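Here the structure is laid out as structure tokens; the discussion comes afterwards.
The values are calculated or read from the model by the stated rules, or taken from the named source; none is laboratory data. Values in this document were obtained by computation on a predicted structure and should not be read as measured data. A quick note on method: Cβ atoms are made from the backbone with ideal geometry, for glycine too, and the neighbour counts reach across all protein chains shown.
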Amino acid sequence: MSTPTPDDDQSMRDALQRDAARVSEPAFDAALHYETMRRVRALAETKSATPRWHLAPTLTAAAAVVALSALIALWPHSSAPTKPREVVTSLAPRTAAPRASLLAYQAAANDGDAALLALLDRDASTLLPASSPLFNATLP
Amino acid sequence: MKYTLLTFTFATLTFASPLRALDSRPTNPALLYWQAAAIRPQLTPEQAKEVHEVVAGRKPYDAMAAAKILSDSKSSLLLAFKAADSTVPCDWGMPVEDGPFMALPHVSKMQEMGAVAILQAEDFFAEGKVKEGLDYLLLTHRLARHAGAGDMLISNLVQYAIETNALRAAARHCLAWDADTRKTYAAQLKTLPPLHTTQAAYGGESAFIDWLDTRFSVAGADKTQVEELLNMEGTDKWKAKEALLKEFTPEGVKAFVAEMRSLQLRAQAGLGEAWPQCHAAMKAVDEDAQHSTFYVVRSMVAPTVNVGEKQFVIATLRTMLDAALEHGAQLDEATAATYHDAFTGDPLRFKKDADGTITLLTAQPHPAGKELSLKFGK
């Protein structure tokens, strides 16, 4: 078997056209970028500088209410018989098998070739999704 | 002059080795396939359907419909060629220790890539570029073998599915090839590495048993993962889950693990036999698994009869293609009968339709109740 030789010019043209199609965004404006970053930092500093000690009494009261409620709810009722903890409250299937896992594929294969191939088709179109455009942006 | 020579020698020593290393560095094909998958644009549902129908032979090749798919896939397929040509073993790095939770994301990508490679072959055949088309069929054959690497039953099934598509695609066109082309392709098929056997793949199923054994056979083992497993959609058909969970005591786990290993070894041994013995062994394993006293065994041991048939189906299809590559349009009833199916060794049957297509069939229905055939011509 031989690796076919690609048409270099055509590949280059294709690549350039793809790249050209992406250049719909406005050009990077360094001044705007630094001004925005300066404002973001200023905002963050203002927030962190805000004193929080005045929230302390409110938080303490809220924590006390939560703790009291939990204590009442979990208080053992001496009249009620002790029940063993249910290991599995409901074994009705409710969680999807991990995507593209051995379990998912085995279950499909047990239903026949068509079921397995349908699942493979679905996974082929959804796995390895495109990276977020954020990560495709040009690095500064 | 002395300094020039010294500089030249120094430069040669400095740069020659790394350059040579770059030239001949063997790359794990799996990594190249992942790169090929990563740069492939996703198929739209309509495109996926188009690829599927053409590759299955249910729809004639349509150059207009395929044009965008193939132009978008060009770079990806070229990387797949590099992967297929790689001389080092294909290692998918499967996390077998995860047992049923093991991720196998590559199998669906390989299945899709194999289908697109066949679509590219169809494109070349439609243009009369047979040699180029054959390159893509051979890529698909190699890709099938790489998909089966790692020896898991699912990988094995995918390997057979891709290989079946390639054999059927070759059958659609081979009667139109001249004798030299048929002979060359037949010779190239013989140079391919053998398909991964179902017997070896069944060994991979021990990943599930090992997972059960290592995690749950000790006192005080955390059963959270079993509970998670039992709550998953893939286990819908498992019976008596509450009772099954109660079998997860250290003694219970040791006992059902031993039974599962025994069944696995019997199945593996059976898969190395000729079809009648293989079929009998698979049936016995399935029956014994279903009559086990353990719910775990009844639920978790996958049926084996259907799996056991695959290797005989693919071997028979290959024999049918070999017959057509050898005889081309001269293939007739008498010649076909000199070839035998891989199930029971019965002679192949021959059928010629009014439209000139030829079909080779097994004498008896295989797999049970189904007719195994390969159609030559479009």
In the range B:205-247, what count of residues is obtained for those that are out of contact with any Gly (no Cβ under 7 Å at 6 or more places or on another chain), buried (at least 18 other Cβ atoms within 10 Å of the Cβ), assigned to a helix (DSSP H, G or I) and small (Gly, Ala, Ser)? 1
State all residues of the range B:122-164 that are among the small types (Gly, Ala, Ser) and either over 24 Å from residue B:31 (Cα atoms) or touching a Lys or Arg at 6+ places or on another chain (Cβ under 7 Å) (or both); if no residue qualifies, say none. B:126, B:128, B:133
Looking only at the range B:184-236, count every residue that is among the aliphatic types (A, V, I, L, M), touching a residue at least 60 places away in the same chain (Cβ under 8 Å) and under 16 Å from residue B:247 (Cβ atoms) and tell me the total. 2
All conditions in (1) under 18 Å from residue A:124 (Cα atoms); (2) within 21 Å of the chain's Cα centre (by Cα); (3) in contact (Cβ under 8 Å) with a residue 24 or more places away in the chain; (4) part of a helix (DSSP H, G or I) are true of residue B:69 except (2)
Counting only residues in the range B:83-117 that are part of a helix (DSSP H, G or I) and in contact with a Pro (Cβ under 8 Å, 6 or more places away or on another chain), the one farthest from the other protein chains (Cβ to nearest Cβ) is identified as B:83
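Do any helices (runs of 4 or more DSSP H) lying entirely in the range B:248-351 carry at least 3 residues that are free of Cβ contacts under 8 Å to residues at least 24 places away in the same chain, and which ones are they?
Values: elements: B:250-271, B:275-290, B:295-300, B:305-327, B:333-336.
By residue number, B:250-271, B:275-290, B:333-336.
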So residue B:309 fits all but one of (1) within 14 Å of chain A (Cβ to nearest Cβ); (2) farther than 21 Å from residue B:200 by Cα; (3) of a type in the set (D, E, K, R); (4) within 30 Å of the chain's Cα centre (by Cα); what number is the exception? (2)
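Looking only at the range B:280-304, how many residues end up being under 21 Å from residue B:159 (Cβ atoms) and either buried (at least 17 other Cβ atoms within 10 Å of the Cβ) or in contact with a Cys (Cβ under 9 Å, 6 or more places away or on another chain) (or both)? Can you show your working first?
Within the range B:280-304, the first condition is being under 21 Å from residue B:159 (Cβ atoms), and the residues that meet it are B:282, B:302-304.
The next check asks that each one be either buried (at least 17 other Cβ atoms within 10 Å of the Cβ) or in contact with a Cys (Cβ under 9 Å, 6 or more places away or on another chain) (or both); those that pass are B:282, B:302, B:304.
So the count comes out to 3.
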Restricting the range B:122-150 to residues that are within 13 Å of another protein chain (Cβ to nearest Cβ) and not in a helix (DSSP H, G or I), which is nearest to residue A:115 (Cα to Cα)? B:150
Scanning the range A:114-140 residue by residue, those surrounded by 13 or more Cβ atoms within 10 Å (Cβ to Cβ) and either modelled with pLDDT under 80 or touching a helix residue (DSSP H, G or I) at 6+ places or on another chain (Cβ under 7 Å) (or both) turn out to be A:115, A:116, A:117, A:119, A:120, A:121, A:123, A:124, A:125, A:127, A:128
How many residues does the range B:358-376 contain that are under 11 Å from residue B:313 (Cβ atoms) and basic (Lys, Arg)? 1
Residue B:169: passes all of (1) of a type in the set (A, V, I, L, M, F, W, C); (2) touching a Leu at 6+ places or on another chain (Cβ under 7 Å); (3) within 18 Å of residue B:110 (Cα to Cα); (4) surrounded by fewer than 24 Cβ atoms within 10 Å (Cβ to Cβ) but (4)
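Results for (1) part of a loop (DSSP other than H, G, I, E, B); (2) away from chain A (no Cβ under 13 Å); (3) surrounded by 17 or more Cβ atoms within 10 Å (Cβ to Cβ), shown as yes or no for each residue.
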position	(1), (2), (3)
B:54	no, yes, yes
B:58	yes, yes, no
B:64	no, yes, no
B:80	no, no, yes
